[in-house]
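Take a look at the structure below.
The values are calculated or read from the model by the stated rules, or taken from the named source; none is laboratory data. Because the structure is predicted, anything quoted here is derived from the model rather than measured. Backbone-built Cβ (ideal geometry, glycine too); neighbour counts: all protein chains shown.
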């Protein structure tokens, strides 16, 4: 194979010298989307296990947070859109080969599922708010139906949550032109990370001592799986093509993302919480019980932040770019001379 180097005089904003179309809005959206997926999953799991009385927060009160967190994420996604008035076009068609199209429809499906989860647990989780809600005509009957079919709702919610969690990674991995994103590990990694952040979120706000201990154990297991997936991702890059090796260089000591990846994400977001939460299980220290989950949430965001930005800086083709008025004038003279 003959490799050619193309030198251009182009200068496209947000493209040269690197792609820079997606900024902080996408990182926040992917983080909150993963957190929402984890919330919906754990609410459904607790109700299927019939832990409504034992674990009140995760089974009855956590569901209210899903549409709130997702709506904040959708707001940041809306802010990122270049043509905001045309957002409705996502829902005028379904493109089977487009992960973004599938994701748009998954997000729409998630909303009614999360609302049904809230209604099925509202009376127990928020009795005061439930009293106000039932003053609305037909609201009481809707709550009754949701409670009656709570297990059906939960069985539907679990695959929907998994689809939402995986989609946040598949959305990036579908861009084959970006070596750092071009791996099937991003979907499972983002799913597990989202569930880990939801477990950490539950530990922060649950009042029951036993419930906090249960979700701390859940989080420890999820962090362990996440570490394995990160290692596999690094191995995938290290044994890949030249472009993937160059992408890996960004994460080494000489790369621009080494401190963020190894310091903020891997060490502070995975390794430290792993030890902190384990020590908290043994010694039951309330300070550590707050510190560990907060670091997990930090790590969950940093994973998306690094992935989104680093992926845009890697490419299968390296074009030498130089925007120069003089260079363009020389090209025009050569072109005109050839015509004459």
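Screening residue 74 on (1) in contact with a helix residue (DSSP H, G or I) (Cβ under 9 Å, 6 or more places away or on another chain); (2) farther than 23 Å from residue 192 by Cβ shows it passes everything except condition (2). The single residue among 139, 63, 104 that is surrounded by 13 or more Cβ atoms within 10 Å (Cβ to Cβ), touching a residue at least 60 places away in the same chain (Cβ under 8 Å) and either under 20 Å from residue 153 (Cβ atoms) or in contact with a helix residue (DSSP H, G or I) (Cβ under 9 Å, 6 or more places away or on another chain) (or both) turns out to be 63.
Residue by residue, here is whether (1) free of Cβ contacts under 8 Å to residues at least 12 places away in the same chain; (2) surrounded by 16 or more Cβ atoms within 10 Å (Cβ to Cβ) holds:
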site	(1), (2)
188	no, yes
198	no, yes
205	no, no
214	no, yes
223	no, yes
230	no, yes
238	yes, no
242	yes, no
248	no, yes
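Considering every residue within segment 13-25, establish whether at least one is at pLDDT 90 or above and surrounded by 19 or more Cβ atoms within 10 Å (Cβ to Cβ). Checked against the condition, which is being at pLDDT 90 or above and surrounded by 19 or more Cβ atoms within 10 Å (Cβ to Cβ), segment 13-25 yields no hits at all.
Of the residues making up segment 251-286, those that are outside any loop (DSSP other than H, G, I, E, B) and more than 23 Å from residue 193 (Cα to Cα) are 282, 283, 286.
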